[in-house]
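Bear in mind that the values in this text are calculations on the coordinates, not laboratory data. Not measured: the values here are computed from a predicted model. Neighbour counts are summed over all protein chains in view; Cβ atoms, including those assigned to glycine, are modelled from backbone coordinates with ideal geometry.
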There are 2 protein chains.
Amino acid sequence: MSENAREAILTAAKSAAQLHGYGGINFRSIADEVGIKNASIYYHFPSKAALGSAVARRYWEDTSTVLAQIRTTHSDPWECLQQFPSIFRTSLENANRLCLSSFMAAEYEDLPEEVTAEVRAFADINVAWLVRVLEDADWGDAHSRERRARAIYTAVAGAQLIARTHADIHQFDDLIASYKESGLIPSSS
Amino acid sequence: MSENAREAILTAAKSAAQLHGYGGINFRSIADEVGIKNASIYYHFPSKAALGSAVARRYWEDTSTVLAQIRTTHSDPWECLQQFPSIFRTSLENANRLCLSSFMAAEYEDLPEEVTAEVRAFADINVAWLVRVLEDADWGDAHSRERRARAIYTAVAGAQLIARTHADIHQFDDLIASYKESGLIPSSS
DNA sequence: ACCTGAACACCGTTCAAGT
DNA sequence: ACCTGAACACCGTTCAAGT
């Protein structure tokens, strides 16, 4: 198992970060989970900042893969657009976890710089994906697509954040439905 | 100054919480700011949970006052609606501070119950205010007003959270403008 | 009534030492 | 190469003691 220690640390830290944020990454409990001592983590990651950065990077890479899959599975761009919030919904379904990036946006002032860079990368790949989908849908011009993509990403992240304070995932679905009804998230009709 | 120690603690804690969250409320540095020792805080507040709860309560009470003032100052409900995001904008202007409630929404899983109750109260008074303004504007029926009010509150909170990761307040203004253009935040025309 | 010093268990981190 | 025990300064909290 020792060859996978690095992976196990990364997985445990990611899970902790989605529940408790960067500040909630606890070396002693991660070490317990992995089955090593907390000092051993420093063999694999030189600091908490480095671990946090690796977690955030892994997180947006995984998200990027899922986004790409949505575009592969759904040829209709309007369908892709409707699917976008499902990524954030999945986190909530999974033990009320929050998007790592939203959590770290809150903690922004206390984050080491190497972590904030990855947090911005997460927002960037989400916005870039939305821009592309809006483009496929022939929606607006380049400038308005960029604006709208940012607005959609932001509103969906907000919905996840606020819905979290209600145990009920229904709240999240309601908010997304409102975004669609209002036209913030455009539909084909 | 000793008669105001309680107030000074509350003020310092509120400021810290908007910058670093509940977890970032540090008894030793608050005590330093107030000019007492950290153990003395426990004379005024029996626990960190009690202090956090008092801070969050004070916060939504203050917000409630500002919201009421907007309705007093602007007789036109459409104008009130356009003014709503200004509360969140002011926090950002003020040293990139975050709405306490958004911060605590992120930290939700780690919050003592007496604090979460106040976090929900903040969301409730914002939504209630928006419902009332939409009602004054004769917008939709009771059910759709409730839904839309939640969507607006959520999206604006999200805009503040995400805009925080860019030093630029321009980003926040852009997002709000997009919400208005898309129709999420309705206007009279 | 209001404040303090000293102690507690806990955190991230370091480092010399083990295999 | 990979891990550990012991120590560091830091946290919230307690409590007996001061004025």
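Overall size of segment A:133-182 from C-alpha positions, given as principal axis extents largest first: 39, 16, 16 Å. For chain B, the longest principal axis of the Cα atoms and the long axis of helix B:5-20 meet at an angle of about 60 degrees.
The angle between the Cα long axis of helix B:170-182 and the main principal axis of chain B comes to about 40°, on a 0 to 90 degree scale.
The Cβ shell under 9 Å around residue A:147 holds other residues with a net charge of 0, Lys and Arg each +1, Asp and Glu each -1. Applying 1/(1 + (r/R0)^6) with R0 = 41 Å to the Cβ-Cβ distance of residue B:181 and residue A:95, what FRET efficiency is obtained, to the nearest 0.05? In this case the efficiency is close to 0.65.
Its convex hull of Cα atoms gives chain B a direction-averaged projected area, equal to a quarter of the hull surface, of 11.6 nm².
Couplings for segment B:81-95, taken from phi via the Karplus curve 6.51 cos²θ - 1.76 cosθ + 1.60 with θ = phi - 60°, read 4, 5, 7, 3, x, 4, 4, 6, 5, 4, 4, 5, 4, 7, 6 Hz in order; Gly and Pro are left as x. Estimated translational diffusion coefficient (Stokes-Einstein, Kirkwood radius over Cα pairs, 25 °C, 0.890 mPa s) of the protein assembly as shown: 113 µm² per second. Label zone of residue B:50 (point 7 Å out along Cα→Cβ, amide N under 20 Å): in segment B:23-39 this covers B:23-32, B:34-39. By how many degrees, between 0 and 90 and to the nearest 10, does the Cα long axis of helix B:142-163 differ from the longest principal axis of chain B? Approximately 60 degrees, to the nearest 10.
With q set to 0.13, 0.19, 0.33 Å⁻¹, the log10 of I(q)/I(0) for segment B:98-142, from the Debye formula over equal scatterers at the Cα positions, is -0.39, -0.63, -1.12. Each residue of segment A:120-136 was assigned a 3J(HN,Hα) from its phi angle through the Karplus curve 6.51 cos²θ - 1.76 cosθ + 1.60 (θ = phi - 60°); the sequence is 5, 4, 4, 4, 4, 6, 5, 5, 4, 5, 5, 4, 4, 5, 5, 5, 4 Hz, with glycine and proline shown as x.
Cross-link partners of residue A:48 among lysines, defined as those whose alpha carbon lies under 20 angstrom from its own and excluding same-chain residues fewer than eight positions apart: A:14, A:37.
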